[in-house]
Amino acid sequence: MSVLIDILLAILVIYLALQSLLAPRLSQSVFLFFAFGLALALAWVRLGAVDVAITEAAIASGFLGVLFLDALRDFSPRSSEEQKNISTVQNSRSRNSVKSLLLPRLSLVLGLGLFLLIALEAVWNIPDGGGLAADAEKLLPQSGVEHPVTAVLINFRAYDTWLEIGVILLGLLAVFAVGKIQIYRKPIPVVDDILLRQVILFFTPVLFLFGAFLLYFGKTGPGGAFQAAVLWGAIGILLHLGGRPIFLLIPRWLGQLLLTLGLLFFLILGFLFIAGGATLFEYPPAYAGVLILIVETLAAISIAAALTAMFANLNQMKKEESNKIDSTN
Amino acid sequence: MDIIFIIVSVFLLLNIALGLIRVWRGPTIADRLLTTQLFGTTGMAILLVLTGYLEQLTLLNVAITFNVLAILLVIGLVQVWKKKKGESS
């Protein structure tokens, strides 16, 4: 009987995925994508992957949600005249640059093709015999945590997770590189709205507490640093939207420290025990539980800071651009 | 007892499917946003029903995550689009 739920869910997921790509209007696409995120989270629950479901729920409906809304605003033209301006600018730009872009495009296609081939080769050669699940299960008591997903992420495959935190930082650097970094320091006017302030005052502690709970709960069940980071990042985004941009209020060095703290501490920890004869990213089993908790907390702070900075910087950057368009017109 | 859980979940899933009509038709962006709030609430209801059905309490985490983050979209819409109006005027 429960097959009925699964069939309905499967149809919904595929339908929403297709429609969010094919919908004629951008705003339809964006909101269908939110619905897709929800359906996908439910599908992950049905598949028994609660960790992935929490991440999907947090990233798709929370963080990507505000990013898309922000992007949607910039893609919706304010008047038909402006639309005309934009399209003529785009046309002239694309005509000029087709020739000069041919070589980079060709090399990009070749590089991506090569990468795909290597990836295919790596996937093709998966060893049979159930992989490493049995070994991981056997070593679980030594990992310092009880939840197998957390054990694999932070202990057994710590190197991967460390690089993942690096990837998020890299994404942020890309945002910084595209935008001008000075804009980042520009203060935005304080919004004085009593309803908004009350909502933010109410939700900030709720988000913080639930994030902290998820972080600690990762030890015994689904949860962990990445999920907690999105919830903590949501605090930063809320404060930014409420006119309290957190990265402008704290000194610059503190912001940079927050952004890199997780990556740095993880790296130091990874190399710390090499002196004692351990391999890279190996923790002594006696302290593993505490160390994992510290690493996860710092990683969550860093990822949360990175998500906040990404949103804040994109938001500021676009505002600056639209102001420029206004003044030139 | 199981049959009740399944009927309720299917009913709630169909609710989500019906809500999609508003996404398609909704003339303004606020109408479309309200459907996502409906999805969030209905999704939480489905998760709560599934919690009872699968007897897996950790699903409650997913439900709470959905709903504490739902506010982000509303605030985001209000603030982001309010700023736009202010600029265009």
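Take each residue of peptide A:57-69, count the partner chain Cβ atoms within 10 Å of its Cβ, and average: the result is 6.
Take A:274-284, B:55-65 and order them by the average number of nearby Cβ atoms within 10 Å per residue, most first; the result is B:55-65, A:274-284. Please state the shape class of segment A:245-313: rounded when a/c is under 1.5, otherwise prolate if a/b exceeds b/c and oblate if not, all from the C-alpha gyration tensor. Since a/c reaches 1.5 and a/b is larger than b/c, the shape of segment A:245-313 is classed as prolate. With both labels modelled 7 Å from their Cα along Cα-to-Cβ, the residue A:133 to residue A:146 distance reads 2.2 nm.
Other protein chain C-beta atoms within 10 Å of residue C-beta, averaged over B:36-43: 4. Within segment A:18-53, name every residue whose backbone N is under 18 Å away from a label modeled 7 Å from Cα of residue A:6 along the Cβ vector. Counting only backbone N, you get A:39-50, A:53.
Placing pseudo-labels 7 Å out from each Cα toward the beta carbon at residue A:280 and residue A:264 gives an inter-label distance of 2.2 nm. Summing +1 for each Lys or Arg and -1 for each Asp or Glu among the other residues whose beta-carbon sits under 11 angstrom from that of residue B:31 gives +3. Length gained on full extension, residue A:22 to residue A:159: 45.5 nm, using 0.36 nm per residue less the C-alpha separation. Summing +1 for each Lys or Arg and -1 for each Asp or Glu among the other residues whose beta-carbon sits under 13 angstrom from that of residue A:201 gives +1.
Both numbers refer to the Cα atoms of segment A:7-76; Rg and Dmax are 12.5, 39 Å. Scaled against 2.2 N^0.38 Å for its residue count N, the alpha carbon radius of gyration of chain B is 1.35.
Read the figures in this text as sums done on the coordinates, not as results from a lab. Quantities reported herein were computed from a predicted structural model and do not represent experimental measurements. Backbone-built Cβ (ideal geometry, glycine too); neighbour counts: all protein chains shown.
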